Amino acid sequence: MKNIKKLLLFPSDSIRVAIEKIEKGLVQIALVVDEKNSLLGTVTDGDIRRGILKGIPIEEKVNKIMNNSPVTALISDNSEKVWMMFKQKAVRHIPILDDTGKLIGLEILESRIDPHPNENIVVLMLGGLGLRLRPLTENFPKPLLKVGNKPLLVTIVENFVMQGFHKFFFSVNYKSHMIENFFGDGSKFNAEISYIHEDDFMGTAGSLKLIPKIDLNPIIVMNGDILTKVDYNHLLDFHLVNNSCATMCVRENNLQIPYGVVDLENQKIKSIHEKPVKNFFVNAGIYVLNPEIISFIPEGTKFDMPQLFETLISKNKEVIAFPIREYWMDIGQKDDFNKANYDFFTFFENS
């Protein structure tokens, strides 16, 4: 049973504090208690991201997003009963209470099963020309440009492997031989790497049709110019818990309008908002797709992920957004490349 002291929160604590507790606790949950240590609720990474999508600021109190009715067990329940609760309720964490409702400990599903590698396939889109980074990309494909002290693609692969992923498809075109020569079959990175060769540029979704065989597990698709600290297991959990067929990672973006915005009703001025800030979510270039979704991609043509999601939406499929709150940088332009090099030693040097 997990020692819970570092996982405890009070309902007056902020969502930001909950994020810190979850990240430091390494078990993807925080526990909300009162001053008598009675359990009031739980907060998971998924609860936090759903709150972000609803526009709840992370400085708000954690009771705005917590689960008020978590699955719990009593300290008197035997191991077999707790195990059945894990299976029947499809949960990963069960707080353990005494007969008065006070929190005693935490049972974690992963501690009861044998660890195993993550079998989900990761597809990295690496075929772009990197025109906006010329002349840096005249002799190297963008994924092999050094960010910090190693090629960008090495950091991407290492982050996945560190989180338990080992099956990769690299979709390549421009200077593909350099990528293949560098990574080979992936064994030196503790990975299995296969290659998809785009004879023509097929967009950010089109080359998925070239994958020879995909099992029943959801696949992660990611643009190969993204530097991020996203927890991909959290992403998969979010996708599965929400019964999504396709999940798009999104990033909150703020745009300040440099003028006073006038709200009109016909010619009458109703209000004036001085230099308002508009908040919206943008596509972050990371996706989770159920295998059957690939059937919606047309054969042999350029097809981008936004087109795929628009197709799914038009057919009333369940597609959702996963908000990224971790470090994320799309290295598309020289300013982004320079900033990523600066950020690397803060966020990735010890990865």
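Bear in mind that the values in this text are calculations on the coordinates, not laboratory data. None of these values were measured; they are calculated from a predicted model. Counting neighbours? That spans all protein chains shown, and the Cβs are built from the backbone with ideal geometry, glycine included.
What to note about this one:
- Annotation: the antiparallel percentage among DSSP beta bridges lying fully within region 5-112 is about 75.
- Per-peptide average of other Cβ atoms within 10 Å, ordering 44-51, 93-100, 182-189, 252-259 highest first: 44-51, 93-100, 182-189, 252-259
- For the pair residue 333 and residue 211 in one chain, pulling the backbone fully straight at 0.36 nm per residue adds 41.0 nm over the alpha carbon distance.
- Between region 122-146 and region 172-228, the Cα center-to-center distance that results, in Å: 14 Å
- Per residue convex hull volume, Cα atoms of region 76-192, in Å³: 165 Å³
- For region 203-209, 3J(HN,Hα) per residue [Karplus equation, 6.51 cos²θ - 1.76 cosθ + 1.60, θ = phi - 60°, Hz, x = Gly/Pro]: x, 8, 10, x, 6, 4, 5
- Helical content of the chain, expressed as a calculated mean residue ellipticity at 222 nm, amounts to -7500 deg cm²/dmol (DSSP H runs of 4 or more residues, -39,500 (n - 2.57) each, divided by residue number, nearest 500).
- Antiparallel %, DSSP beta bridges [both residues in the chain], to 5: 60 percent
- Potential lengthening between residue 24 and residue 180 on full extension [0.36 nm per residue; Cα-Cα distance subtracted]: 52.5 nm
- For region 5-112, the Kirkwood hydrodynamic radius comes to 14.1 Å, computed from all pairs of different C-alpha atoms.
- Positive-end extreme of charge dipole, the chain - chosen from 75, 123, 86 (charges on Cβ): 75
- Within region 82-213, antiparallel bridges make up roughly 35 percent of the DSSP beta bridges whose residues both belong there.
- Magnitude of the charge dipole, region 91-178, Cβ model with Lys/Arg +1 and Asp/Glu -1, debye to 20: 760 debye
- Debye, to nearest 20: dipole size of the chain, +1 on Lys, Arg Cβ, -1 on Asp, Glu Cβ: 540 debye
- For region 227-351, projected area of the alpha-carbon convex hull averaged over all directions, nm²: 12.5 nm²
- When the chain is described by a simple charge dipole with +1 on each Lys and Arg Cβ and -1 on each Asp and Glu Cβ, the residue from 236, 223, 12 located farthest towards its positive end is 12.
- Centre separation in Å (Cα based) which lies between region 235-274 and region 55-81: 29 Å
- Fraction of C-alpha pairs exceeding 21 angstrom in region 140-282: 58 percent, rounded to a whole number.
- Sorting 250, 241 from the fewest to the most surrounding beta carbons within 10 angstrom yields 241, 250.
- In terms of its C-alpha gyration tensor, the chain comes out oblate, because a/c is 1.5 or above while a/b does not outweigh b/c.
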